[in-house]
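Please treat every number below as a calculation from the coordinates, not as lab data. Treat the numbers as computed from the prediction; the structure is a model and nothing was measured. Here the Cβ positions follow ideal geometry from the backbone for every residue, glycine too, while neighbour counts run over all protein chains shown.
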Amino acid sequence: MAVGAEDLLKMYYYLRLARGLEDQVTKLYRQGKVVGGCYVGTGEEAISVGSAYALEPHDVIAPSHRDLGAHLVKGVLPKEYMAQYLGRRTALTKGKDGNIHFGDLERGIIGFISPMADGIPVAAGAALAFKIRREPRIAVAYFGDGASSRGDFHEGLNLAAVLKLPVLFICHNNQYAYSVPLSRQMAVPHVADRAKAYGFPTMIVDGNDILAPQRFRELVRLRHPFGIEHDLRHAMAVAQVDKDHTAMIAPSLDPAIERDGLPRLVAG
Ligand SMILES: Cc1ncc(C[n+]2csc(CCOP(=O)(O)OP(=O)(O)O)c2C)c(N)n1
Ligand SMILES: [Mg+2]
């Protein structure tokens with residue numbers, strides 16, 4: 001699909017909306033008004049929005065904790081997101097969870113379980129259902145670099161490869177799992193190196209380039225698993241808000257804010 005001015009505007013809208021909502025939730029969290037913890041995808045919105053925008057409406061996503069952008073593209077309303085964090089009954093979990101553990105199967109969103117790769121085998125299972133029913137849909141699993149060190153990641157990828165499932169694995173490689181840098185959690189430079197061992201193609205793209213996912217749009221229709229690693233560094237470290245309501249900032253990542261996907265879309 002050629003990306004026109006209207007698409008760019010829509011993507012910009014979702015980028016801004018995700019950032020604005022998460023900035024608000026962060027403020028509410030610091031005021032002690034949020035029930036439970038607070039995870040945001042600041043600096044990682046381009047991955048989330050760009051990839052979800054490249055999908056068809058009937059495709060299914062298993063978002064992770066940095067993927068508000070994908071939720072919004074799939075139709076989650078700002079008021080539902082805020083209600084979720086405030087533990088209100090109008091939230092998607094009806095106030096039973098005050099955090100990001102929400103989904104909505106009617107909108108094609110598999111509920112988030114944890115940041116630690118649990119959504120990967122579930123997305124592979126959804127893709128298996130599509131294959132058995134001969135439906136032309138794909139499933140997408142989002143996860144971080146740290147999640148790729150967990151067993152579910154490897155089991156899900158292997159299953160998808162062996163059964164040739166129409167599933168797309170999207171890794172946000174933000175170089176940290178909490179405060180643990182990449183070099184302390186894996187001995188290969190890229191998460192995509194791990195995926196290759198299971199025998200399906202992968203692509204490493206710039207995580208701040210919102211148009212990068214358009215390049216895999218056709219590839220995923222080939223009905224086999226495909227992996228995308230979005231490499232990025234950004235100023236906000238992973239445990240964006242910790243227990244004493246302070247943000248963990250990794251100083252070495254400061255210059256990365258200049259490559260932020262939001263101003264880049266405006267400039268480009
Ligand atoms: C089952 C489970 N184990 C551990 C945690 C704590 N935890 C939350 S995020 C995280 C690290 C995730 O790293 P990564 O996949 O790189 O995601 P990022 O935080 O960088 O977005 C950990 C260990 C959790 N929430 N749930
Ligand atoms: Mg990470």
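Summary table below
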| item | result |
| --- | --- |
| Distant alpha-carbon pairs in region 129-200 (separation over 18 angstrom), percent | 41 percent |
| Volume per residue of the C-alpha convex hull in region 1-155, rounded to whole Å³ | 116 Å³ |
| CD proxy at 222 nm, helix term only [per DSSP H run n ≥ 4: -39500 (n - 2.57); per residue of the chain; nearest 500] | -10000 deg cm²/dmol |
| Viscosity 1.002 mPa s, 20 °C: Kirkwood-radius Stokes-Einstein D of region 163-204 over Cα pairs, µm²/s | 183 µm²/s |
| Ordering of 128-136, 15-23, 187-195 by packing [mean C-beta count within 10 Å, highest first] | 15-23, 187-195, 128-136 |
| Added length on full extension, which subtracts the Cα-Cα distance from 0.36 nm per residue, Q24 to L105 | 26.5 nm |
| Lys pairs, region 5-267 - Cα-Cα below 24 angstrom, 8 or more residues apart or on other chains | 19 |
| C-alpha center-to-center spacing [region 21-70, region 106-142] in angstrom | 18 Å |
| Using distinct alpha-carbon pairs, which all enter the 1/r mean, Kirkwood radius of the chain in Å | 18.4 Å |
| Span-like helix ranges in the chain, DSSP H, alpha carbon extent 27 angstrom or more, Kyte mean at least -1.0 | 5-30 |
| Per-residue ³J(HN,Hα) for region 172-188, Karplus 6.51 cos²θ - 1.76 cosθ + 1.60, θ = phi - 60°, Hz, x for Gly and Pro | 8, 8, 9, 6, 9, 10, 6, 9, 8, x, 3, 5, 8, 10, 8, 9, 10 |
| In sequence order, calculated HN-Hα J values of region 56-73 (Karplus, 6.51, -1.76, 1.60; Hz; x Gly/Pro) | 8, x, 7, 6, 10, 10, 10, x, 10, 7, 10, 10, 4, x, 5, 4, 5, 4 |
| Mean Cβ neighbour count within 10 Å, used as a protection proxy, ranking 120-126, 177-183, 201-207, 42-48 highest first | 42-48, 120-126, 201-207, 177-183 |
| Approximate shape of region 1-86 as ellipsoid semi-axes (Cα gyration tensor, √5λ), whole Å, largest first | 25, 13, 10 |
